[in-house]
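Colleague: Following this message is one structure expressed as structure tokens.
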Amino acid sequence: MSPQALILHVAVPTPLRRVFDYRAPEGVPAAALKPGMRLRVPYGHGQAVGVLLDSGTVSSRPVEQLKPALELLDEAPLFTPGLLRVLHFAADYYHHPIGEVAELMLPAALRAGAPALLKQTARWQASAAGLAADLEALARKAPKQAAALSLMRRHGTGVDEGLLRAEELAGPPLKALVGKGLVEPAGAERVETGPLVRETPPALSGEQAAAVAAVRTGTGFRSFLLEGITGSGKTEVYLQLVADCVAAGRQALILVPEIGLTPQTVQRFEARFSCELVVLHSGLSDGERLAAWLKARSGQARIVLGTRSALFTPLPQPGLVIVDEEHDLSYKQQDGLRYSARDLALVRARSEGLPIVLGSATPALESLHQAQGGRHGHLRLTERAGEAKPPRVGLIDVRKLALDEGLSAPLLAKIREHLDGEGQVLLFLNRRGFSPVLLCHGCGWVAECRRCDARYTLHQEPRHLHCHHCDSQRGVPARCPDCGEAALMPLGLGTERLEERLRKHFPDTGLVRIDRDSTRRKGSLAEQLEGIHSGRYRLLVGTQMLAKGHHFPDVTLVALPDMDSALFSSDFRAAERLAQLVTQVAGRAGRAARAGEVVLQTHQPEHPLLHQLLRGGYAEFARSALGEREAARLPPFRHLALLRAEAMKAEEAMGFLAEVKQAARELAGDTVQVLGPAPAPMERRAGRYRAQLLLEACERRPLHALLDGLMPWLETSKSARKVRWSLDVDPQEMM
Ligand code: ADP
Ligand code: ZN
Ligand code: ZN
């Protein structure tokens, strides 16, 4: 073999932090091999699907030892040059194996080696009559037909029958639609392809117009923080920017939080645009996800709306990136590659030369700090759109008041007042289940998970004990296992219990509870939301699933019956999270013509955080919180990385981290502070003991230099083999 043979540098999905070299597959010319294509390669005793990063003539290995790759899987790269840069950045910044990063950026079907081709089966499109039909009327009579028609209306070029089948919409619903003439085979002559913008947008307010104009100005990469109070019309700003973008022949990428991707959000985009829109979220099957991804990659889909990992969707003509509710914790992946989709979206926008808008009513302190430092243009919407006015916020001091399972008489009176005034009432409680504790009145025994340092939550529907940390479940004992008395009593308030109580007080009022338990069945959330919008439900009880992103025009009262448990937390971000949550929940009140009111029940009416929020809203809270962070030398004024370890024995996890600390000291001297090791706040979880080591520095550079030095040490260390360890750069949760 000639020493000049072509050598392929391939990212192979393995935990090893290196790139693997191969020779070209038999019979494949060098010109056919482009970075970003997948290759099937021999790996270990088997095979793997890797991604070609680049090629050259040098290898760290003797060339004659290199094996040829087995097969070239793609005709065109799956990664655009911009996404390849994101791949390299993420692997470097998060110190994560590049093969695993590349794997994560692809839909599961492509990771497994499936061809990157849309399977063409029969395709269907809405006919002219189907485009004009009244979807809501149809939805009342035949929801499946309406769902199928809605799907076709948003895919101007037709929908694959396979996709309809996956959604259980093929068969009778499809037949009925064809029978009614609302649907026809795709490709048929259709008069209306329509303008890009379907409904007429409202005239923008001065602040909205200024925000849109600021983003329009300029070319190439530019970033903005759009700080707009809830209901100020941020989404309208996005819609108009997206309209610009698609009208210019480019594609728009819109990221939304896991919980923010409600049918309502999707409908707002569908109602506005007649071009093809794909939605990417964790509820899709592999086939659906692949189909949506391929449509984005081919350029057929002009708008991509999705949660965290939609960030990695390749777009041949990218024009705009939007990150809605940019402060939301669901943008941070909490396992494997612990990336922040907001931060990587900025990297991607820079890499592809795009404008990016980070929007929120309650921006992350990190983002505010960046905007204040001039890294993002800071756009503000300070008034509610249309006629809506900001809600009045008040405290109910429940000290010494009698509580009926957490509800005070003044709160019950308020609820009645708003129901009598034809308003809807939303009660927010971030704890699902019936009660967080089951206690023996006879001896004080508490039901605790055997595998975690945590208590079981009592659930009534169906009745059982559930650990919310490791998911273990067991029956409810009839008697106390310790003293044998039948005196077990639930302690504390969960959503099920709040629901039960409210039904007793308001037996004739429609009530809906929205949390992870009540929405488990596919389609149930959509049904429940529909019932809220139609007014069938007037009392709404829920967790954060109900708190974020929704627009309920008839909600006039928002109540937070239990503020107290949230005021005590050891995490330095707890105050920020709570301020965001309260502001977001409060933002559900009075979003239309009717005035809104928010009431908080607390035993801590003098708590400074509550006072700041009440007096100056989130903006004032954020200003003082940033001051505190600076004084306490915490992010965003310091940079953190958290090394976590878990093992069957507590000493193993702690011992391993002590060794890491020693190695870190030798590598970094005192440019990086190493704190710990310490047991995690909840030390035992799912039967394993967890510990952590915190690395912090004033500058990113020495921190990352240290991590670069530590990785090879970690990979070869003997004690690392006894534990499971992971690295979290810019950790968002200290647990
Ligand atoms: P946000 O995303 O900031 O919470 P939305 O974009 O959802 O706010 O706007 C809140 C409500 O106000 C929506 O019903 C929206 O249609 C309406 N709205 C937004 N902008 C305008 C405007 N310029 N004129 C009239 N109504 C508007
Ligand atoms: Zn007992
Ligand atoms: Zn548990």
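Colleague: Which count do you get for residues in the range 646-704 that are assigned to a helix (DSSP H, G or I) and in contact (Cβ under 8 Å) with a residue 24 or more places away in the chain?
Modeller: Residues of the range 646-704 that are assigned to a helix (DSSP H, G or I), as a first pass: 650-668, 700-704.
Narrowing further to those that are in contact (Cβ under 8 Å) with a residue 24 or more places away in the chain: 650, 652-657, 659-661, 663-664, 667-668, 700, 702-704.
Total satisfying the criteria: 18.
Colleague: With respect to His464, determine if the residue is part of a strand (DSSP E or B), surrounded by 15 or more Cβ atoms within 10 Å (Cβ to Cβ) and in contact with a strand residue (DSSP E or B) (Cβ under 6 Å, 6 or more places away or on another chain). Talk me through it step by step, then tell me what you get.
Modeller: Working: part of a strand (DSSP E or B): yes; surrounded by 15 or more Cβ atoms within 10 Å (Cβ to Cβ): yes; in contact with a strand residue (DSSP E or B) (Cβ under 6 Å, 6 or more places away or on another chain): yes.
Taking the combined requirement at face value, the residue satisfies it.
Colleague: Can you find, within the range 457-482, the residue that is nearest to Gly494 (Cα to Cα) among those that are within 15 Å of ligand 2 (Cβ to nearest atom) and not charged (D, E, K, R)?
Modeller: Narrowing the range 457-482 to residues within 15 Å of ligand 2 (Cβ to nearest atom): 476-482.
If we keep only those that are not charged (D, E, K, R) as well, we get 476-478, 480-481.
On the way: Val476: 17, Pro477: 20, Ala478: 21, Cys480: 22, Pro481: 24 Å.
For the range 457-482, the residue satisfying everything is Val476.
Colleague: Taking the options Glu207, Glu227, name whichever one is among the charged types (D, E, K, R), away from ligand 2 (no atom under 16 Å from the Cβ) and in contact with a Lys or Arg (Cβ under 6 Å, 6 or more places away or on another chain).
Modeller: Values: Glu207 fails: in contact with a Lys or Arg (Cβ under 6 Å, 6 or more places away or on another chain).
On inspection, the qualifying residue turns out to be Glu227.
Colleague: Now for a separate question. Inside the range 642-686, can you point out the residues that are in contact with a helix residue (DSSP H, G or I) (Cβ under 6 Å, 6 or more places away or on another chain) and of a type outside the set (A, V, I, L, M, F, W, C)?
Modeller: Glu646, Glu652, Glu659, Thr671, Pro677
Colleague: Kindly indicate whether Val437 is within 16 Å of ligand 3 (Cβ to nearest atom) and within 26 Å of Gly492 (Cβ to Cβ).
Modeller: Values: within 16 Å of ligand 3 (Cβ to nearest atom): yes; within 26 Å of Gly492 (Cβ to Cβ): yes.
Taking the combined requirement at face value, the residue satisfies it.
Colleague: Out of all the residues in the range 232-267, which are basic (Lys, Arg) and either under 21 Å from the mean Cα position of the chain (by Cα) or on the phi > 0 side of the Ramachandran plot (or both)?
Modeller: Residues of the range 232-267 that are basic (Lys, Arg), as a first pass: 234, 250.
Residue satisfying the conditions is Lys234 alone.
Colleague: Moving on to the next point. Where residues in the range 440-453 are within 16 Å of ligand 3 (Cβ to nearest atom) and part of a loop (DSSP other than H, G, I, E, B), which of them is farthest from the chain's Cα centre (by Cα)?
Modeller: Our first condition is that a residue be within 16 Å of ligand 3 (Cβ to nearest atom); within the range 440-453, this holds for 446-453.
Going one step further and asking which of them are part of a loop (DSSP other than H, G, I, E, B), we end up with 447, 449-453.
Values: Ala447: 32, Cys449: 28, Arg450: 30, Arg451: 28, Cys452: 26, Asp453: 27 Å.
Across the range 440-453, the extreme among qualifying residues is Ala447.
Colleague: While we're on this one: Name every residue in the range 200-220 that is loosely packed, with under 11 Cβ neighbours inside 10 Å and either touching a strand residue (DSSP E or B) at 6+ places or on another chain (Cβ under 9 Å) or not in a loop (DSSP other than H, G, I, E, B) (or both), in order of residue number. Give the steps one after another, and end with the answer.
Modeller: Of all residues in the range 200-220, those loosely packed, with under 11 Cβ neighbours inside 10 Å come to 200, 203, 206, 217-220.
Correct list: Gly206, Gly218, Thr219, Gly220.
Colleague: Mind listing just one residue for me: the one in the range 214-231 that is at positive phi and more than 24 Å from the chain's Cα centre (by Cα) and, of those, nearest to ligand 1 (Cβ to nearest atom)?
Modeller: Looking at residues that are at positive phi and more than 24 Å from the chain's Cα centre (by Cα), I get Gly218.
Colleague: Here's a follow-up. Does the range 303-332 hold any residues that are open to solvent by 30 Å² or more (accessible area, probe 1.4 Å) and free of Cβ contacts under 8 Å to residues at least 60 places away in the same chain, and which are they?
Modeller: Arg308
Colleague: State yes or no: is Leu117 open to solvent by 60 Å² or more (accessible area, probe 1.4 Å) and within 30 Å of Val178 (Cα to Cα)? Please lay out each step first, then the result.
Modeller: Values: open to solvent by 60 Å² or more (accessible area, probe 1.4 Å): yes; within 30 Å of Val178 (Cα to Cα): yes.
Considered against the rule, which asks whether it is open to solvent by 60 Å² or more (accessible area, probe 1.4 Å) and within 30 Å of Val178 (Cα to Cα), Leu117 comes out as yes.
Colleague: Just for the range 501-533: of the residues that are more than 27 Å from the chain's Cα centre (by Cα) and in contact (Cβ under 8 Å) with a residue 24 or more places away in the chain, which one is nearest to ligand 1 (Cβ to nearest atom)?
Modeller: Keep residues of the range 501-533 that are more than 27 Å from the chain's Cα centre (by Cα), which gives 501-511.
Cutting the leftovers down to in contact (Cβ under 8 Å) with a residue 24 or more places away in the chain gives us 501-502, 505-506, 509-511.
Numbers: Arg501: 31, Leu502: 27, His505: 31, Phe506: 28, Thr509: 25, Gly510: 23, Leu511: 25 Å.
It comes out as Gly510.
Colleague: Exactly one condition in (1) in a loop (DSSP other than H, G, I, E, B); (2) under 30 Å from Ala147 (Cα atoms); (3) not polar (S, T, N, Q) is not met by Leu131; state its number.
Modeller: The single condition Leu131 does not satisfy is (1).
Colleague: For the range 352-402, give me each residue that is in contact with a helix residue (DSSP H, G or I) (Cβ under 7 Å, 6 or more places away or on another chain), open to solvent by 30 Å² or more (accessible area, probe 1.4 Å) and under 27 Å from Leu87 (Cβ atoms).
Modeller: Glu352
Colleague: Going by the conditions given, is Lys649 closer than 20 Å to Ala686 by Cα and charged (D, E, K, R)?
Modeller: On the way: closer than 20 Å to Ala686 by Cα: yes; charged (D, E, K, R): yes.
Yes; evaluated as a whole, the condition is true for this residue.
Colleague: Right, something else. May I ask you to list pairs of residues, at least six apart or on different chains, whose Cβ atoms are under 9 Å apart, with the first in the range 543-556 being closer than 12 Å to Gln584 by Cβ and the second being aromatic (Phe, Trp, Tyr) and crowded, with 22+ Cβ neighbours inside 10 Å?
Modeller: Cβ pairs passing all conditions: Gln544/Phe428; Leu546/Phe428; Ala547/Phe428.
Colleague: So if I check each of Glu270, Glu236, which one is over 17 Å from Ala361 (Cα atoms), assigned to a helix (DSSP H, G or I) and in contact (Cβ under 8 Å) with a residue 12 or more places away in the chain?
Modeller: Values: Glu236 fails: over 17 Å from Ala361 (Cα atoms).
Exactly one residue qualifies, and that residue is Glu270.
The values are calculated or read from the model by the stated rules, or taken from the named source; none is laboratory data. Note that the structure is predicted; figures quoted are calculated from it, not measured. Note that each Cβ is placed from the backbone with ideal geometry, even for glycine, and that neighbours are counted across all protein chains shown. Ligands, DNA and RNA are stripped out before the accessible areas are found, and what is left, the full protein with its side chains, is counted by its heavy atoms. Shrake-Rupley method; radii C 1.70, N 1.55, O 1.52, S 1.80 Å.
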